[in-house]
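See structure below.
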Amino acid sequence: MAGMNAALLIVLFINFAVYAAILVGIIALEVWLSRRKSRWPGLIMPMITFAASLLLVLGTVAFTRVGGATSELQVEDAETGAVIYQEQRVEQAPDWTLGDTAQVGLLLLVGNIPTFVLLGAYYIGREKLRREKLLEKMNIQDL
């Protein structure tokens with residue numbers, strides 16, 4: 001039992017290390033892309049994560065608002081088995097509420113956490129590039 005717990009901890013640590021390395025690699029790639037002369041390469045990954053968060057929200061909205069419920073009532077004659085009375089009801093799904101809006105807003109906010117992280121790395125990289133250009137301009141003026 002103790003050996004299994006130790007093995008589980010080792011596997012969890014390895015998984016955490018792999019995920020952390022992937023995250024650091026993605027952020028380093030974002031900083032590298034943002035330091036290019038053109039600003040567009042650095043915006044590719046934030047646009048991808050933003051589009052993924054929009055797909056997450058659209059999928060949630062599409063699959064939680066599925067039509068209404070149908071209920072059916074039938075009364076049959078015990079001797080002949082013929083239907084005496086039949087009633088069908090279609091109940092509409094409730095309208096969009098404030099809680100639904102709050103849920104979608106929270107999902108959009110949480111889904112965009114990677115976008116915010118990548119945009120932060122983008123602005124850090126662009127700021128370093130801007131600072132280097134300013135320093136180069138000052139050196140040229142000093143000459």
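The values are calculated or read from the model by the stated rules, or taken from the named source; none is laboratory data. On a predicted model such as this, the values are computed, not experimentally measured, just so you know. Using ideal geometry, Cβ is built from the backbone for each residue, glycine included, and neighbour counts are taken over all protein chains shown. Protein only, heavy atoms only, side chains kept; ligands, DNA and RNA dropped before computing areas. Shrake-Rupley method; radii C 1.70, N 1.55, O 1.52, S 1.80 Å.
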*May I ask you to list pairs of residues, at least six apart or on different chains, whose Cβ atoms are under 6 Å apart, with the first in segment 9-34 being under 24 Å from Phe116 (Cβ atoms) and the second being not small (Gly, Ala, Ser)?*
Glu30/Met45; Glu30/Leu118; Leu33/Pro41; Ser34/Tyr122; Ser34/Arg126
*At least 3 residues that are open to solvent by 60 Å² or more (accessible area, probe 1.4 Å), within 30 Å of Arg130 (Cα to Cα) and at pLDDT below 95 in each: list the helices (runs of 4 or more DSSP H) lying fully within segment 1-117 that qualify.*
2-34
_Quick check on my filter: what residues within segment 120-143 are of a type in the set (A, V, I, L, M, F, W, C) and either free of Cβ contacts under 8 Å to residues at least 60 places away in the same chain or open to solvent by 50 Å² or more (accessible area, probe 1.4 Å) (or both)?_
Ile124, Leu134, Leu135, Met138, Ile140, Leu143
